[in-house]
Every structure is written in structure tokens, then in C-alpha cells.
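The values are calculated or read from the model by the stated rules, or taken from the named source; none is laboratory data. Source: prediction; values computed, not measured. All Cβ positions, glycine included, derive from the backbone under ideal geometry; neighbour counts span all protein chains shown. Heads up: the accessible areas ignore ligands, DNA and RNA and are worked out on the full protein's heavy atoms, side chains in. Shrake-Rupley method; radii C 1.70, N 1.55, O 1.52, S 1.80 Å.
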Amino acid sequence: MLRVQKFKIDEIYVPTARRKTLHPETVRLLAEDILENGQKTPIQVRFDGKRHILVEGLHRLEASKWLGETLIDGYLVQAKRH
């Protein structure tokens, strides 16, 4: 079973292809929701032996950055490279 962990936001690598799917308006709306209700769904990251790589949760990650957070809730998952 997965357990929620804290990850340092500035140590999570976001692949270039994933960055292209970012929608700034979605980030803004999500940041407002996180301020009011907290982060509801943890992001997902995998570890490649050197760094944590984002698997799911780009908008949540960017919204947390925008809010000035340094840590984010997430799951460490076993995932294949895309």
C-alpha cells in the first residue's frame, strides 16, 4: 500500500514533455483551492537512482510552487519511463 510522503518541491524533476501540458489558469485555480482546502490528492513521483521524477500531478506541483511551499505530499511509485 502506498503511503503519503513529503518531497522537496525544488528536488522534483519535471520532464520536458510533461511541462508542455501546463495550463497557467489551471495552476491559478488549483492554488486557490489548495489555499482554501489543502492539497487533496498527493502527486506521484518515481526515483531513478539519482532524483525524483514527476509521474502525475504537474498542476498540483506548480500550484504549490506558486504558493511558496517547499514541501509537497506525494506517493513514491514504481513507474516505467514514458
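Table for the structure above
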| item | result |
| --- | --- |
| Carbon and sulfur %, accessible surface of the chain computed with the full protein complex present, 1.4 Å | 50 percent |
| Residues of the chain: accessible area per residue with a 1.4 Å probe, Å² | 71 Å² |
| Partners for K50 among lysines (Cα-Cα distance below 20 Å; same-chain residues under 8 apart left out) | K6, K8, K80 |
| For segment 8-66, convex hull volume per residue from C-alpha positions, Å³ | 76 Å³ |
| Sorted peptide list for 9-17, 43-51, 68-76, criterion being average Cβ within 10 angstrom, highest first | 68-76, 43-51, 9-17 |
| Spin-label pair E25/L71, simplified geometry with 7 Å Cα→Cβ offset, distance in nm | 3.5 nm |
| Nearby aspartates and glutamates by direct alpha-carbon distance to K20 (threshold 20 angstrom, same-chain neighbours under 8 apart not counted) | D10, E11, E56, E62 |
| Gain in span if fully extended, T16 to L2, counting 0.36 nm per residue against the direct Cα distance | 2.4 nm |
